[in-house]
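Undergrad: Mind having a look at this structure? Questions to follow.
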Amino acid sequence: DAGLHRGSVPVPGATLGYAVRGGGTPVLVVGSSLYYHRTFSCRLAESCTLAVTDLRHFSPCDPGIDAGSLTFDQYADDIDRVRAALGFERCVMVGHSKHGNIALEYAKRHPTRVSGVALIGSPPVGLAAVVEARRDFWDTQASDARKQIHRRNW
């Protein structure tokens, strides 16, 4: 990983990792620093400062922290700490899938710190609605044979 710089930012109850490469317009991808730095092309970092950061559900947390009780406010506060630690006055926020909803919520809460938002394959509704729709689709559309295979693989 030539040119990749890793670090971490402490937030209340957790430590968020990040990875940065490149130079130019600051771009902050939220989700997982281990996954997303490998997902985005290294060529992208030729035209921007590409930073990827962990969210709490991908980070070591203190005992007693319930990942299921996290709020958009907590995510926004965490992202803002990482943004500040990286020295980004303003940045493009990027989120994939459900992380796009988190990036968008950050932008809504901190519009002066965001120069743009890019959502990649993000659901147009809250995550709970997506999970419920997926479960309903599976229950009504998947064949019994497919459900048996799924149970066996689990």
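Undergrad: Could you run through the range 14-41 and say how many residues are touching a residue at least 24 places away in the same chain (Cβ under 8 Å) and either basic (Lys, Arg) or surrounded by 15 or more Cβ atoms within 10 Å (Cβ to Cβ) (or both)?
TA: Adding up the residues that qualify gives 19.
Undergrad: Among the residues of the range 9-19, are any touching a Gly at 6+ places or on another chain (Cβ under 7 Å) and assigned to a helix (DSSP H, G or I)?
TA: The answer is no, given that none of the residues of the range 9-19 is touching a Gly at 6+ places or on another chain (Cβ under 7 Å) and assigned to a helix (DSSP H, G or I).
Undergrad: If Val82 satisfies every condition in (1) of a type outside the set (Asp, Glu); (2) open to solvent by 70 Å² or more (accessible area, probe 1.4 Å); (3) under 20 Å from Gly13 (Cα atoms); (4) assigned to a helix (DSSP H, G or I) but one, which is the exception?
TA: (2)
Undergrad: Here is a follow-up. Go through the range 47-72 and give me each residue that's in a helix (DSSP H, G or I) and either among the aliphatic types (A, V, I, L, M) or modelled with pLDDT of 90 or more (or both).
TA: Ala67
Undergrad: Okay, moving on. Can you tell me which residue is least open to solvent (accessible area, probe 1.4 Å) among those in the range 90-116 that are assigned to a loop (DSSP other than H, G, I, E, B) and not small (Gly, Ala, Ser)?
TA: Filtering first and then ranking leaves His110.
Undergrad: Related question: Only one of (1) in contact with a helix residue (DSSP H, G or I) (Cβ under 8 Å, 6 or more places away or on another chain); (2) exposed (fewer than 15 other Cβ atoms within 10 Å of the Cβ); (3) more than 23 Å from Ala129 (Cβ to Cβ) fails for Asp73. Which number is that?
TA: (3)
The values are calculated or read from the model by the stated rules, or taken from the named source; none is laboratory data. What you see is a predicted model; the values in this text were computed from it and never measured. All Cβ positions, glycine included, derive from the backbone under ideal geometry; neighbour counts span all protein chains shown. Surface areas here come from the heavy atoms of the whole protein model, side chains and all, with no ligands, DNA or RNA. Shrake-Rupley method; radii C 1.70, N 1.55, O 1.52, S 1.80 Å.
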